[in-house]
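The next block holds one structure in the form of C-alpha coordinates; read it before the comments.
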Amino acid sequence: MSFTVTAGAAPRVYSWQHGSMLSALEQGLSLATSGMHEVRITDGQGRSYSPAALYQVMFGQPAATREAPRARAA
(Lines give C-alpha, C1' and ligand atoms only; values in the text may rest on other atoms or scores of the structure.)
Protein backbone atom coordinates (compact mmCIF):
# COMPACT_ATOMS: atom_id res chain seq x y z
CA MET A 1 0.00 0.00 0.00
CA SER A 2 1.23 3.52 -0.65
CA PHE A 3 1.01 6.51 1.67
CA THR A 4 1.15 10.16 0.73
CA VAL A 5 2.49 12.81 3.06
CA THR A 6 1.39 16.36 2.26
CA ALA A 7 2.40 19.57 4.00
CA GLY A 8 2.07 23.29 3.50
CA ALA A 9 -0.74 25.59 2.56
CA ALA A 10 -1.97 26.80 -0.82
CA PRO A 11 -0.41 27.82 -3.09
CA ARG A 12 2.60 25.81 -1.83
CA VAL A 13 1.67 22.26 -0.95
CA TYR A 14 4.40 19.62 -0.96
CA SER A 15 3.82 15.90 -1.41
CA TRP A 16 5.91 12.76 -0.82
CA GLN A 17 5.11 9.10 -1.53
CA HIS A 18 6.02 6.28 0.87
CA GLY A 19 5.73 2.52 0.59
CA SER A 20 5.17 1.98 4.31
CA MET A 21 3.00 3.52 6.96
CA LEU A 22 5.92 3.78 9.37
CA SER A 23 8.12 5.78 6.98
CA ALA A 24 5.19 8.09 6.18
CA LEU A 25 4.55 8.58 9.89
CA GLU A 26 8.23 9.28 10.54
CA GLN A 27 8.31 11.99 7.88
CA GLY A 28 4.96 13.43 8.96
CA LEU A 29 6.09 13.76 12.57
CA SER A 30 9.38 15.29 11.46
CA LEU A 31 7.63 17.87 9.29
CA ALA A 32 5.13 18.74 12.02
CA THR A 33 7.80 19.19 14.69
CA SER A 34 9.88 21.34 12.35
CA GLY A 35 6.96 23.78 12.04
CA MET A 36 5.45 22.78 8.69
CA HIS A 37 1.70 23.52 8.53
CA GLU A 38 -1.18 21.30 7.43
CA VAL A 39 0.73 17.99 7.60
CA ARG A 40 -1.50 15.07 6.53
CA ILE A 41 -0.84 11.40 5.82
CA THR A 42 -3.23 9.73 3.39
CA ASP A 43 -3.38 5.99 2.81
CA GLY A 44 -4.15 4.21 -0.46
CA GLN A 45 -7.84 4.01 0.44
CA GLY A 46 -8.15 7.78 0.88
CA ARG A 47 -8.18 7.90 4.69
CA SER A 48 -6.35 11.00 5.90
CA TYR A 49 -4.70 11.47 9.30
CA SER A 50 -2.65 14.07 11.10
CA PRO A 51 0.70 12.61 12.21
CA ALA A 52 -0.48 12.56 15.86
CA ALA A 53 -3.72 10.74 14.96
CA LEU A 54 -1.89 8.13 12.87
CA TYR A 55 0.60 7.60 15.70
CA GLN A 56 -2.33 6.94 18.04
CA VAL A 57 -3.88 4.48 15.56
CA MET A 58 -0.58 2.61 15.24
CA PHE A 59 0.63 2.64 18.85
CA GLY A 60 -2.49 3.26 20.95
CA GLN A 61 -1.47 6.47 22.70
CA PRO A 62 -1.03 10.08 21.61
CA ALA A 63 2.50 11.02 20.52
CA ALA A 64 2.43 14.17 22.64
CA THR A 65 1.81 12.29 25.91
CA ARG A 66 4.53 9.68 25.60
CA GLU A 67 6.88 9.78 28.53
CA ALA A 68 10.56 8.97 28.37
CA PRO A 69 11.66 6.15 30.66
CA ARG A 70 12.56 7.50 34.10
CA ALA A 71 15.88 6.82 35.73
CA ARG A 72 15.73 4.76 38.89
CA ALA A 73 17.00 6.19 42.13
CA ALA A 74 20.16 4.46 43.36
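Couple of notes before you dig in:
- Only one of the listed residues (8, 28) is of a type outside the set (A, V, I, L, M), surrounded by 11 or more Cβ atoms within 10 Å (Cβ to Cβ) and assigned to a strand (DSSP E or B). That residue is 8.
- Which numbered condition residue 33 misses (of (1) modelled with pLDDT under 95; (2) closer than 12 Å to residue 3 by Cα; (3) loosely packed, with under 15 Cβ neighbours inside 10 Å): (2)
- Selection of first residues in the stretch 1-28 that are modelled with pLDDT of 95 or more and of second residues that are part of a strand (DSSP E or B) and among the basic types (Lys, Arg), restricted to Cβ pairs under 8 Å at least 6 apart or on distinct chains, gives the following pairs, ordered by first then second residue: 5/40; 6/40; 7/40; 28/40.
- Selection count, the stretch 37-47, where residues are surrounded by fewer than 17 Cβ atoms within 10 Å (Cβ to Cβ) and assigned to a loop (DSSP other than H, G, I, E, B): 6
- Criterion (surrounded by 14 or more Cβ atoms within 10 Å (Cβ to Cβ) and not hydrophobic (A, V, I, L, M, F, W, C)) met by exactly one of 50, 15: 50
- Residue pairs whose Cβ atoms lie under 7 Å apart, sitting 6 or more positions apart in sequence or on different chains, and linking a residue in the stretch 45-61 that is farther than 14 Å from residue 22 by Cα to a partner that is of a type outside the set (A, V, I, L, M, F, W, C), are 48/40; 48/42.
- Hey, residue 64 in contact with a helix residue (DSSP H, G or I) (Cβ under 9 Å, 6 or more places away or on another chain), at pLDDT 90 or above and part of a helix (DSSP H, G or I) or not: no
The values are calculated or read from the model by the stated rules, or taken from the named source; none is laboratory data. Quick caveat: nothing in here was measured; it's all calculated off a predicted structure. Please note: Cβ atoms are built from the backbone with ideal geometry, for glycine as well, and neighbour counts cover all protein chains shown.
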